[in-house]
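Accompanying notes for the structure given below.
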Amino acid sequence: MKMESIDMIKVNYIKSMLAKNMREDSRGMFDFRNMRITPGTMGNAEGSAQVELGRTKVLAGVKIALEAPMTDTPDQGNMTVAAELLPLAHSKYESGPPTPEAIELSRVTDRGIRAGSCIDLKSLFIEEGKAWGVYIDVYVLNYGGNLFDACEIAAMSALLNSTMPTYEDGKVIHENRKNRLKIDNIVTSTTFAKIGGSILLDPSLDEEIASDARLTVTNDGSSIRSMQKGLRGSFYQKEIEELVGISFNKHVELKSLIEKRV
Amino acid sequence: MKSNKPELIVNNKRLDGRNFDELRPLSIKAGVIDNASGSAYVEWGNNKIIAAVYGPKEAMPKHMMDPSKAIIKCRYAMSPFSNLSEHGRSGPSRRSTEISKVIKEVFENVVFLNEFPGSEIDIFVEVLQGDGGTRAAGITAASVAMASAGIPMRDLVYAVSVGRIDDKLALDLNMIEDNYSDSDMPIAVAPRDGEILLLQMDGGLSREQLSRGISMVLSAGKDISKKQIDALKENYDSISKKYES
């Protein structure tokens, strides 16, 4: 993507700071910005959560619908995570079909939750030919860098906030929600940016503009669940191994933050 | 992961008789599309993939043009008949859009884009038949296509995937292994000093398995790179023969 002249100035500034081992907001290299999770903001949804990470703001909503199970998995329900870059979230986002950036964000957010087996899909089975489908939609409301972690954590928090509609005499009653959606596993996400020779966690918007490479790692405390390297830069094996280690350390604090807000 | 997982490991060998660190048979031929600036055809196991490169040429549409360097566009697509199961939908899917993006980023890293200001380089990866690991095979093919187009690069990239089947790591998963594996991790490498340009992964891996998996990919590089270089040499030989006679 072409760089605006104002971006060049910011990139030079970010790089000159990093040369002195500093970040624009005086964070440590592997510190997250302040993260605020607010679950249950949308009453009509089966579950929801808003996540603020620095200036980034995303909202995840969960809808649970009755549907036919997939033919290759007739004894379980289904789930889908999608993320959307709303045109109001930044001047560079436009209406229209999703861009490759939006599709990547969406699929990486889905992959973490899916590979983490977070939802007990068997518990979504109702009777032959009927199962619950869980739809997690993450809306990006303000783009301030590091959407990958904000979206994953919002999706996870919204799932933990979700209650099941009831199914009686062949009908779904959304007004009557009793049981919680059964969650088997909690994954958390950590995204690193490489700028010149420096690597840092949770890039801000300006740091993302300056980034050469990006690495997103999700884990559940015992296993790595998904990874995605992005942008044109590269990582060495040793760097990846170190960042995965940091990702495991961060899981502890992120998980307790998510659980505290359930 | 689908249910009804079949036995993927029998007598400590994989279903197709391979060892865990063994690649499927790989053959590469450069110069297969006359109209393209460069091209390559790869058969890797049952994968059959054509990659072609056009350009550098004037960047279109104009607003995408970068006066300081070339831009790269990439289309990765699977043919509607590429799969054993049903008739596939043609046109870009969300999956193919993501793969196109990550392939594009691999080549943005290695191509000397500054050599061609204001221009674009198109990479087309068409999966004619798919059998697991198509993005890795596509990158390996596109790299040869790019080199045969004479476009300067700082390294000849290769890619291959590594996955986990039960507690075993296995190199270069085929379709059945991919469908039922516990984890899959395609990796693209600039082999000169082992830089990792593409890395995706899902499923579950321990830290130790991750390290071992990356190492398996790095050591498989020698064989893949040799096939790429041989294909390029053969292509040059056949071109020079054509002009000698």
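The values are calculated or read from the model by the stated rules, or taken from the named source; none is laboratory data. Note that the structure is a prediction, hence the values are computed from the model and not measured. FYI the Cβ positions are ideal-geometry reconstructions off the backbone, even for glycines, and counts take in every protein chain you see.
Look at region A:60-106 and say how many of its residues are surrounded by 22 or more Cβ atoms within 10 Å (Cβ to Cβ) and of a type in the set (Lys, Arg).
0
Which condition from (1) touching a residue at least 24 places away in the same chain (Cβ under 8 Å); (2) not in a strand (DSSP E or B) is the one that A:Met164 breaks?
Condition not satisfied by A:Met164: (2).
Checking the condition at the interface with chain A (Cβ under 9 Å from one of its Cβ atoms), closer than 17 Å to B:Met153 by Cα and at pLDDT 90 or above, which residue from B:Lys104, B:Lys69 passes?
B:Lys104
Are there any strands (runs of 3 or more DSSP E) wholly within region B:117-227 with 1 or more residues that are more than 12 Å from the chain's Cα centre (by Cα), over 29 Å from A:Gly221 (Cβ atoms) and facing another protein chain (nearest Cβ under 10 Å), and if so which?
So the answer is B:183-190, B:195-205.
Taking only region A:170-213 into account, find how many residues are part of a strand (DSSP E or B) and either in contact with a helix residue (DSSP H, G or I) (Cβ under 7 Å, 6 or more places away or on another chain) or in contact (Cβ under 8 Å) with a residue 40 or more places away in the chain (or both).
Selection size over region A:170-213: 16.
State whether the residues of region A:232-250 include one that is more than 10 Å from chain B (Cβ to nearest Cβ), outside any loop (DSSP other than H, G, I, E, B) and in contact (Cβ under 8 Å) with a residue 60 or more places away in the chain.
Yes, the conditions are met somewhere in region A:232-250.
When region A:137-186 is examined, which residues are found to be under 19 Å from the mean Cα position of the chain (by Cα) and at positive phi?
Selection gives A:Gly145, A:Asn146.
Of the conditions (1) outside any loop (DSSP other than H, G, I, E, B); (2) more than 14 Å from chain B (Cβ to nearest Cβ); (3) modelled with pLDDT under 95; (4) in contact with a helix residue (DSSP H, G or I) (Cβ under 8 Å, 6 or more places away or on another chain), A:Thr80 fails just one. Which one is it?
(2)
Being in contact with an Asp or Glu (Cβ under 9 Å, 6 or more places away or on another chain) and either outside any helix (DSSP H, G or I) or charged (D, E, K, R) (or both) is true for just one of A:Ala155, A:Ala131. Which residue is that?
A:Ala131
Just checking, does region A:110-126 include any residue being within 14 Å of another protein chain (Cβ to nearest Cβ), outside any strand (DSSP E or B) and of a type in the set (Val, Ile, Thr)?
Yes, region A:110-126 has at least one match.
Is there a residue in region A:4-16 that is of a type in the set (S, T, N, Q) and either in contact with a Ser or Thr (Cβ under 6 Å, 6 or more places away or on another chain) or in a loop (DSSP other than H, G, I, E, B) (or both)?
no
If you check B:Tyr76, B:Tyr54, which single one turns out to be at negative phi, of a type in the set (Ser, Thr, Tyr), within 14 Å of chain A (Cβ to nearest Cβ) and part of a strand (DSSP E or B)?
One residue alone meets the criteria, B:Tyr76.
Check B:Ser68, B:Ser39 and return the single one that is of a type in the set (Ser, Thr, Tyr), assigned to a loop (DSSP other than H, G, I, E, B) and touching a helix residue (DSSP H, G or I) at 6+ places or on another chain (Cβ under 9 Å).
B:Ser68
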